[in-house]
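Take a look at the structure set out below.
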Ligand code: ADP
Ligand code: MG
């Protein structure tokens, strides 16, 4: 089977990709609709997991004629657990059948990820408050911000901050009981406790925490029983003045079917949100990651990568790792020219639609799309319209007259005028340049999430 898969993948993927990542992998037999693919090292594993697992699954599906779950592992010498998380992100079945005791399990989770410390976290305008609050909580838990609720999109550093709180707290106060747990883990522990009739020790365990860090709380959605139990855990800790930190990809009031009482508990302390980083912050992050890997990157390479990965730091990092691996594999110089064909530059691949751009502008400037298409000369409206024309010119291949049409039938000379004006202003006005970048990021983000 695997040789068939390889043959197909060789045709579907570019040669360097195939040679670097796929060829070195092997697979054991198909069992229970599950195929385990072994890679030679963690880097390759992460790589396949991140970028090629779906392609592999599709090819296998095609060959065997039914869907198969793919698990990617490292052949041997794997530091067990270190990359455990990235697999859980995939579709590992719930492990509730595995007999486990709660404490050792927690312990191992707690020791992981020494990369996630404050000194490796780059602070920018997008995460300043979340960072400051996290530091404060690590230094004096149970005081000001209790609970601390970190919220922000995928890959923006929530888990990093939580782990950092944990590490730092234990550094300051080695006896402190700091538990990091994902909501999934909490749920699994709860299920295990119910099955093994050990609720008592489950409760004792969680309620003994000095600092409880609960990640991805949005997964409480629809889990009534877990919510119930978590509510009591939360209350016990909170009443005892213990610190609770929660992370979620959205604010409490946007988690569907979250009990109102939990929602209000979560909103009691501080809700600190993390926004997508701006270009400077993205560049600073790349710079730091490259330094950590002891790799020298020129500014234009950094800017190139940063400009093309806007909404998710995990992807940004992935692009860097990929660039480094590829370039050393091919023996190319580290330059924009050698990178350009390699990084699938997501921003350039998506065609933003005019509707999407109009909507982004309307939302941002708090005007209606009708206004943008109207002939109104009110200052705010014509300003928003000019920005819109400029961005439509940047983000689409539409001709000037077509852009004019999108704005309610304006003449193409109006479009030219607007584009020139904004371009000139942009070059002398940093605030405007920033605004444009933010708008661009939003447009890119939205066009990437729409099919
Ligand atoms: P989330 O939990 O919000 O989905 P993570 O905390 O897992 O995101 O972050 C994704 C990756 O991006 C991690 O490798 C993390 O180290 C990195 N990262 C995120 N924010 C920053 C930052 N401000 N500085 C440095 N690295 C960051
Ligand atoms: Mg996370």
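The values are calculated or read from the model by the stated rules, or taken from the named source; none is laboratory data. These numbers come from a predicted model, not from an experiment. No Cβ is skipped: glycine too gets one built from the backbone with ideal geometry, and neighbour counts run over all protein chains shown.
Just checking, which of 5, 59, 64, 37 is more than 24 Å from residue 326 (Cβ to Cβ), surrounded by 15 or more Cβ atoms within 10 Å (Cβ to Cβ) and over 24 Å from the mean Cα position of the chain (by Cα)? Walk me through how you get there before you give the answer.
On the way: 5 fails: more than 24 Å from residue 326 (Cβ to Cβ); 59 fails: more than 24 Å from residue 326 (Cβ to Cβ); 37 fails: more than 24 Å from residue 326 (Cβ to Cβ).
Exactly one residue qualifies, and that residue is 64.
Among the residues of the stretch 38-46, are any assigned to a strand (DSSP E or B) and in contact with a strand residue (DSSP E or B) (Cβ under 7 Å, 6 or more places away or on another chain)? Among the residues of the stretch 38-46, at least one is assigned to a strand (DSSP E or B) and in contact with a strand residue (DSSP E or B) (Cβ under 7 Å, 6 or more places away or on another chain), which makes the answer yes. Scanning the stretch 145-160 for any residue that is more than 9 Å from ligand 1 (Cβ to nearest atom), in a helix (DSSP H, G or I) and either at pLDDT below 95 or over 28 Å from residue 263 (Cβ atoms) (or both) turns up nothing.
Looking for whichever is over 23 Å from residue 314 (Cα atoms) and modelled with pLDDT of 95 or more here; the options are 243, 259. Which one fits? Before you say what the answer is, go through the steps one by one.
On the way: 259 fails: modelled with pLDDT of 95 or more.
Checking each option against the conditions leaves just 243.
The residue that is farthest from residue 279 (Cα to Cα), among those in the stretch 161-185 that are part of a helix (DSSP H, G or I), more than 16 Å from ligand 1 (Cβ to nearest atom) and touching a strand residue (DSSP E or B) at 6+ places or on another chain (Cβ under 8 Å), is 170. Listed by first and then second residue, the pairs linking a residue in the stretch 28-54 that is at positive phi to a residue that is at pLDDT 75 or above and assigned to a strand (DSSP E or B), with Cβ atoms under 7 Å apart and 6 or more places separating them unless they lie on different chains, are 33/69. Could you check, for the stretch 90-107, whether at least one of its residues is within 21 Å of residue 41 (Cα to Cα), part of a helix (DSSP H, G or I), within 16 Å of ligand 1 (Cβ to nearest atom) and at pLDDT below 80? No, that holds for no residue. I want to confirm something. Restricting to the stretch 121-142 and keeping residues that are more than 16 Å from ligand 2 (Cβ to nearest atom), out of contact with any strand residue (DSSP E or B) (no Cβ under 8 Å at 6 or more places or on another chain) and not in a helix (DSSP H, G or I), which single residue is nearest to residue 434 (Cα to Cα)? By that ranking, first place goes to 125.
Within the stretch 213-244, track down each residue that is in a helix (DSSP H, G or I), within 16 Å of ligand 2 (Cβ to nearest atom) and without any contact (Cβ under 8 Å) to a residue 40 or more places away in the chain.
Of the residues in the stretch 213-244, the ones in a helix (DSSP H, G or I) are 217-220, 224-239.
Imposing the further condition that a residue be within 16 Å of ligand 2 (Cβ to nearest atom) reduces the set to 217-220.
218, 219 - these are the residues of the stretch 213-244 that are in a helix (DSSP H, G or I), within 16 Å of ligand 2 (Cβ to nearest atom) and without any contact (Cβ under 8 Å) to a residue 40 or more places away in the chain.
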